[in-house]
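Following: one structure in structure tokens, then a few remarks.
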Amino acid sequence: MTKLLLSLHVLAAIIAVGPVTVAASMFPPAARKALAAPEDERAGSAVRLLHRICQVYAGIGIAVPVLGFATASAMGVMGDTWLIVSTALTVAAALVLVVLVLPRQEVLVEGGGDQRATARLAMFTGVFNLLWATVTVLMIVRPGSTTGA
């Protein structure tokens with residue numbers, strides 16, 4: 001059962017978190033292009049599509065920690081430091097996405113904001129991506145693990 005849960009956890013992370021990180025990273029340049037050429041419908045469509053991808057996959061991404069906790073419980077590592085740190089970083093990443101990234105994308109999708117807003121959004125997106133990269137490394141390295149990884 002542990003291998004199944006771990007496989008589902010990793011697949012959920014790849015399928016859900018991957019698209020959010022890519023689409024969120026692509027959003028600020030697309031928004032800058034749309035702001036520079038408001039008459040360009042393709043630029044506006046790209047911005048709306050990237051925002052929608054972020055919203056949908058953020059929702060699907062809830063499966064990642066749920067499956068992660070099920071896997072950790074099955075493995076008996078719920079109290080391990082690397083898991084606690086990973087959980088805290090995952091919560092931080094979720095907060096950055098929900099509080100700082102998605103609302104700012106929404107403003108730009110609705111036609112508000114300016115070039116400076118896209119720069120701030122790019123910074124918050126970078127923080128989000130860095131948090132997820134750190135969680136990924138912790139999941140692989142698992143400091144203190146006896147697996148030899």
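Residue order by solvent-accessible surface for Arg42, Arg32, Arg48 is Arg42, Arg48, Arg32, largest first, with ligands and nucleic acids left out and a 1.4 Å probe.
In this structure the chain gives 56 Å² per residue of accessible area when probed at 1.4 Å with all protein chains present. A simple spin-label model places pseudo-atoms 7 Å from Cα toward Cβ; at Thr134 and Val77 they are separated by 1.9 nm.
In this label model, Glu39 and Ile84 are separated by 6.1 nm, measuring between points 7 Å along each Cα→Cβ vector.
Among complete DSSP H helices in the chain, those whose alpha-carbon atoms stretch at least 27 Å along the helix's long axis and whose mean Kyte-Doolittle hydropathy reaches -1.0 are 18-36, 41-60, 115-141.
With a Förster radius of 35 Å applied to the C-beta separation of Ile60 and Arg116, the computed FRET efficiency comes to 0.65. Solvent-accessible area of region 90-145 (1.4 angstrom probe, protein heavy atoms only): carbon and sulfur portion equals 72 percent. Summing Cβ point charges (Lys, Arg +1; Asp, Glu -1) relative to the Cα centre of region 22-94 gives a dipole of roughly 140 debye. Using R0 = 25 Å, the C-beta based FRET efficiency linking Leu11 and Val99 works out to 0.40.
The relative contact order of the chain, computed from alpha carbon pairs under 8 Å that lie at least 6 residues apart in sequence, is 31 percent. Basic side chains Lys and Arg get +1 at the Cβ, acidic Asp and Glu get -1 at the Cβ, and with that the dipole of region 12-139 about its Cα centre reaches some 120 debye.
The values are calculated or read from the model by the stated rules, or taken from the named source; none is laboratory data. Since the structure is predicted, the reported quantities are computational estimates derived from the model, not experimental observations. All Cβ positions, glycine included, derive from the backbone under ideal geometry; neighbour counts span all protein chains shown. Remember, those area values only see protein heavy atoms, side chains included, never the ligands or the DNA or RNA. Shrake-Rupley method; radii C 1.70, N 1.55, O 1.52, S 1.80 Å.
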